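Laboratory data are not the source of any read-out in this text; all were calculated from the coordinates shown. Note that the coordinates shown come from a computational prediction; the quantities given were computed from them, not determined experimentally. As a convention, Cβ positions derive from the backbone with ideal geometry for all residues, glycine included, and neighbour counts pool all protein chains shown.
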Amino acid sequence: MSIEVKNLIKTFGEKRVIDDISFKVENGETLAIVGFSGSGKSTILKLICGLIPLDSGEIITSKGDIAMVFQYSALFDSLNVADNIAFALRERKDLRNKYSEKQIKNIVAEKLELVGLKGIENKFPSELSGGMQKRVSFARAIVTEPNSILYDEPTSGLDPISSTLIEDYIVRLKKETNAASIVVTHQMSTITRTANRVIMLYGGKIVYEGTPDDMLKQNNEYTKQFVTASLDGPMQMIAEN
Amino acid sequence: MGTLQKYYKQSATYKIFSGMLTEFASFLDTLGKITINGVEVFKLIIKGEIEKNEVLYQCYRFGITSLPITLSIVGMTSVIVASQVALEMVKQGGGNFVGLLMTILIVRELGVIMSGFAIISMIGSSIASEIATMRVTEQIDAIEVLKVNPIRYLFVPRVVAGMLMMPPVVIIASAVGVITGAITSNLISGLSYKAFFDSAWLGIYMKDLFVCLLKSICFGGTIALISSSCGYFAKGGAKGVGEATNKAVVWSFVAIVIWDMFFAIAFFF
């Protein structure tokens, strides 16, 4: 087991965004979390990596780092690509004096090669396309060899070909690192190409849990509405928002 | 009872008082956050957790980039004050004390407080908007996920640079202020430079210089701490960045006036 979430509850103001949710993700497995905008998908990721406190419940992760790839990459725009990737190695208390500058340079080059961006060390984030920024943020996330990787809408806003490329890298990183991965996404291609399992959220609860193939079979009213992008069904987005 | 409560909540009295209470709660919230960050920053400084390269960059930003504006503001303020007092004092037979008055004013108050205002408007606002942008674009979240202490990385270099660079900026600005005061007095009232500078040294003691330096260290650290904190707790998008910058400027202005009042009471009362 690498990530286990038990009876998670999170409330913002009077709205219970996460209402008693439990799931497990094993090492080498990718779980996709899907649902409407505002259904609490990104909140789950932020709770797992400790960016926001949980109201009640339990999050158990195996020893090691949790990495997160943010929706808009969140690269440090004042630092170049190499400094972005090396950031944790230079600034984190337990890693600060562990590597020499030469070793850091080699690690950066190795991670950049892994995401197919060899030789762009000196470029700044503003000089890169959206897809390239995402891949640099992948490289930055895996620099500490994490046990778990969380992806917040990794393919949103990208063209279909860039999306496919990113999806391939998610699969490749899972194989290379054997990390437990959670992908929050709206895109069907990302679900089918990267995930082993899917959970769907609605009203703060899990309304579907199964494989991507089962999801496409549309046996569940919720997944049927999601897959067909229908306005008719149990999920009422306008009323929710 | 329910209907009464509903009408009461719609009344102007309720709205005014609830608005005032909300503002007061927000004031206490901001003050608390700045204080907590301040304590954390000083703990890290004492432990020697200082990123030297980042401090050097922030020193350049505080000391060099702000200098033209700071010198202009202090110089022009000195011209304004000298043009108001020099001629009158010479007419009343007090020409020998123009230098004394100008120097006391600039060294004790004008040099440091006008430099503070210049630094707030130029560096404080830029720090607040920079950190607020990092907050709303999830860069600070990324720092936290990478298990790097954001207070050490963002606050400490700025506060240290503020405390290190404010004194030299104030010294240079005060020197410029005294010189422009002398030139203005000479042009307006014909007061000789010798008469100006002979009296200029009479009213200045080591205590004045010590208080001036201590004040500038406090001002520099306070401006950096408040600006960083206001940016750090920004919420929302572009509007949040604007609000954080605005808050940083207002809070820094009020804070350095309070510091100034404290120093005046503590050392010159």
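Table for the structure above
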read-out: Nearby lysines by direct alpha-carbon distance to residue A:41 (threshold 18 angstrom, same-chain neighbours under 8 apart not counted); value: A:6, A:10, A:15, A:24, A:205
read-out: Using alpha-carbon coordinates, inclination of helix A:101-114 to the longest axis of chain A, degrees; value: 40
read-out: In the stretch B:179-269, lysine pairs with alpha-carbon atoms under 29 angstrom apart (chain gap of 8 or more, or interchain); value: 5
read-out: Chain B: angle of helix B:12-46 to the longest principal axis, Cα-based, in degrees nearest 10; value: 70
read-out: Computed Kirkwood radius, in angstrom, where 1/r is averaged over Cα pairs of the stretch B:68-107; value: 10.6
read-out: Principal axis box of chain A, alpha-carbon based, largest edge first, Å; value: 57, 38, 31
read-out: Crossing angle, helix A:81-91 versus chain A [Cα axis fit, 0-90 degrees, rounded to tens]; value: 90
read-out: Mean-position separation - Cα centroids, the stretch A:117-148 and the stretch B:157-223, in angstrom; value: 49
read-out: Spatially proximal lysines relative to residue A:102 (Cα-Cα < 24 Å; intrachain offsets below 8 disregarded); value: A:93, A:111, A:118, A:123, B:52, B:147
read-out: Relative contact order, percent, chain A [alpha-carbon distance under 8 Å, six or more residues apart]; value: 27
read-out: Centre separation in Å (Cα based) which lies between the stretch A:1-45 and the stretch A:174-188; value: 15
read-out: For the stretch B:37-268, radius of gyration divided by Kirkwood radius, i.e. Rg to Rh on alpha-carbons; value: 1.07
read-out: Summed residue charge, Cβ within 14 Å of residue A:168's Cβ, Lys/Arg positive, Asp/Glu negative; value: +4
read-out: log₁₀ of I(q)/I(0) at q = 0.11, 0.12 Å⁻¹ - the protein assembly as shown, Debye sum with one point per alpha carbon; value: -1.00, -1.10
read-out: Euclidean distance of C-alpha centroids, the stretch A:51-115 and the stretch A:195-225, integer Å; value: 32
